[in-house]
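Here is the structure we will look at.
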Amino acid sequence: RMDEALLEFRRAVELDPIFSRLVDNYSSALLNAGRPEEALAYADRALVLQPENKQALGFKAIALAMLGRGAEGVALARTLELDSTYATYAAFVFALAGERAAAERVLARGPLTKSDARTLAALGRYDDCIAVLQAGALTANGVEFIYFFPSFDPIRHDPRFQKALAASGATEAHDRAQAWRAAHSPKELKAKK
């Protein structure tokens, strides 16, 4: 229910505009919605409010990579690469920016978690991606990118991917997300700004 989620996030940010973590979570929702320009603006806003906010820095790096500004995204990601909590952001940015060796280096530190699934998918390591998703329950927290990021498109109909969704009760949410994506093409999203 992305449209509703974005409205609620926007309202929350309007009600509490100086809570950095709320602002950066709105940035994340905008990334999932395929709106990296807006996500970048909100990540920057979160960083003004709290310059040490590593999550906002990660979202900014992802937005930059999604916008084709890979070198800028990679430079930011390098500051997160050695932080065990935020290295998964760095690996994903490296993968999006075509820095395969850097992404693989971060992944090699292991163990792989469900958060690493987006990097594995972006690298085209679909069997490994599915194995990670099958290994643990998909919870609402931290896996919404599975529903929205295009890097998962090649495996969305794979029976193993579908089984991982079903095992976690996420099939219906995934189907709703795909319907939303189909109704909101990137061209349409740009026109709504």
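Can you match mean projected area of the Cα convex hull in nm² to one of these, [x] 18.7; [y] 17.6; [z] 10.2, based on a calculation from the structure here? Correct label is [z]. Helices in the chain, meaning DSSP H runs of at least 4 residues, each add -39500 (n - 2.57). Divided by all residues, the mean residue ellipticity at 222 nm is -20000 deg cm²/dmol.
Computed from the Cβ-Cβ distance with R0 of 30 Å, the FRET efficiency linking Glu8 to Thr113 stands at 0.65.
Residue ranges 161-171, 35-45 sort as 35-45, 161-171 when ordered by packing (mean number of other C-beta atoms within 10 Å per residue, highest first).
The residues of the chain have, on average, 49 Å² of accessible surface per residue, using a 1.4 Å probe with all protein chains present. Of all aspartates and glutamates in the structure, those lying under 19 Å Cα to Cα from Lys60, and not within fewer than 8 positions of it along the same chain, are Asp24, Glu37, Glu38, Asp44, Glu52, Glu72, Glu81, Asp83, Glu99, Asp116, Glu144. Label-to-label distance, Ser84 versus Gln178, with points set 7 angstrom from Cα along the beta-carbon direction: 3.7 nm.
Accessible surface of the range 29-133, 1.4 Å probe: 54 percent of it comes from carbon and sulfur atoms.
The values are calculated or read from the model by the stated rules, or taken from the named source; none is laboratory data. As the structure is a prediction and not an experimental result, all values here were calculated from the model. With ideal geometry, Cβ positions are generated from the backbone for all residues, glycine too; neighbour counts draw on all protein chains shown. Quick note on the areas: whole protein, heavy atoms, side chains included, nothing else; ligands and nucleic acids left out. Shrake-Rupley method; radii C 1.70, N 1.55, O 1.52, S 1.80 Å.
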